[in-house]
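First comes the structure, then the notes that go with it.
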Amino acid sequence: MPKSFERRERNRESDGRRRQLKSWRAWYATKAWLERRREQLSKQPLCERCLAKVPSIITPATVAHHKVAHKGDRTLFFEGELASSCAPCHDTVEQGIEARGYEIGCDASGRPVASDHPWNIKQ
């Protein structure tokens, strides 16, 4: 059996398990979400993270990203504020922030820039 076929099968099984554990993932297929996504990408067709870089990088956005992680909250999912992202920014930066709880990166002095980074939180 070719390796690509085996990989697809593993991914399909993994996706199925994720859908069972996170039933809210089905919301991404709803007409309401697809319309909301289309509106966001029409309003801001470029990746906001890439535009914020110095110098700016012009990259088409393909993902409507929730600025505040909804974590299965239906109201946040369908009404929360969105940002436009390219897939690489969403899949690495945005999801990394969501997993860690803060953004990585330092200023010129080497201090973390994120106010919610553990280094910056007063004990």
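The values are calculated or read from the model by the stated rules, or taken from the named source; none is laboratory data. Everything numeric here is computed off the predicted structure, so don't read it as measured data. Cβ atoms come from the backbone with ideal geometry, glycine included; neighbour counts cover every protein chain shown.
Just a few scattered comments:
- Exactly one residue out of GLY105, GLY72, GLY101, GLY110 is on the phi > 0 side of the Ramachandran plot and touching a helix residue (DSSP H, G or I) at 6+ places or on another chain (Cβ under 8 Å), and it is GLY72.
- Filtering the stretch 87-107 to residues that are under 9 Å from the mean Cα position of the chain (by Cα) and of a type outside the set (Val, Ile, Thr) leaves ALA87, CYS89, HIS90, ASP91, GLU94, GLN95, GLY96, GLU98.
- One residue from ARG12, ARG19, ARG8, ARG37 being surrounded by 12 or more Cβ atoms within 10 Å (Cβ to Cβ), modelled with pLDDT under 75, part of a helix (DSSP H, G or I) and of a type outside the set (Gly, Ala, Ser): ARG19
- Single residue of the stretch 44-56 satisfying the filter (modelled with pLDDT of 95 or more and in a loop (DSSP other than H, G, I, E, B)) that is surrounded by the fewest Cβ atoms within 10 Å (Cβ to Cβ): PRO45
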